[in-house]
Amino acid sequence: MIGGVHIPGCPGLEGNSDADVVLHALINALSGVSGLNILGKISDDMCLRQGITDSKAYLAKAMESLGNYRISHVSIAIEGKRPRFEPVIGKIKESLADLLKIQPSDVG
């Protein structure tokens, strides 16, 4: 899972959750704004006690923690030889836009 998108033929990272490093990076960034550490006690409770392993659920908690603050733009950089990201960049942008409640054109 990268940015909420499953990339076929690519083994996922191992973690307690789905180990979506893009969503985890966003969750940490939002936690820096709200001061609420989502990837810690909250995600451990969701994952280990409630069985919620989808990082989208943790991102939803991070979004809730913002209160009246809203995301207007986000930019993510992913570097690597494999998998090839170019074929799924559009899907990742759409996924992130949907999760963050912004337009795909506001995802870089």
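If a spin label sat at a point 7 angstrom from the Cα of residue 82 along the line to its beta carbon, the backbone N atoms of the range 16-33 nearer than 20 Å would be those of 21. One quarter of the convex hull surface, Cα atoms only: what value does that give for the chain in nm²? Mean projected area for the chain: 6.8 nm², to one decimal. Taking the chain as the region of interest, the number of lysine pairs whose Cα atoms are within less than 25 Å, with members eight or more places apart or on different chains, is 12. Within the shell of other residues whose beta carbon sits under 13 angstrom from the beta carbon of residue 71, the net charge comes to -1, with Lys and Arg scored +1 and Asp and Glu -1. Proximity of backbone amide H atoms, modeled 1.01 Å from N, is registered between residue 2 and 7 at under 5 Å, excluding neighbours fewer than 5 places apart on the same chain. Rounded to the nearest Hz, the phi-derived 3J(HN,Hα) couplings of the range 42-51 under the Karplus curve 6.51 cos²θ - 1.76 cosθ + 1.60 (θ = phi - 60°) are 5, 5, 4, 5, 4, 7, 7, 9, 9, x, where x marks glycine and proline. Which of 3, 17, 74 sits closest to the plus end of the dipole of the chain, meaning its Cα is farthest towards the positive end, when Lys and Arg get +1 and Asp and Glu get -1 on the C-beta? Going by the Cα projections, it comes out as 74. The Cβ shell under 11 Å around residue 98 holds other residues with a net charge of +3, Lys and Arg each +1, Asp and Glu each -1. In this simple spin-label model, placing a label point 7 Å from the Cα along the Cα-to-Cβ direction at both residue 10 and residue 49 gives a separation of 3.4 nm.
Contact order for the chain, expressed relative to its length and based on alpha carbon pairs under 8 Å spaced 6+ residues apart, stands at 29 percent. Charge tally around residue 21: other residues with Cβ under 13 Å, Lys/Arg +1 each, Asp/Glu -1 each, net -4. A simple spin-label model places pseudo-atoms 7 Å from Cα toward Cβ; at residue 89 and residue 33 they are separated by 2.4 nm.
For the chain, a simple Cβ point-charge model (Lys and Arg +1, Asp and Glu -1, everything else neutral) yields a dipole of about 100 debye relative to the Cα centre.
A short reminder: the numbers here are calculations on the coordinates, not readings from a lab. Note that this is a predicted model, so its numbers are computed, not measured. Neighbour counts run over all protein chains shown; Cβ positions are idealised from the backbone, glycine included.
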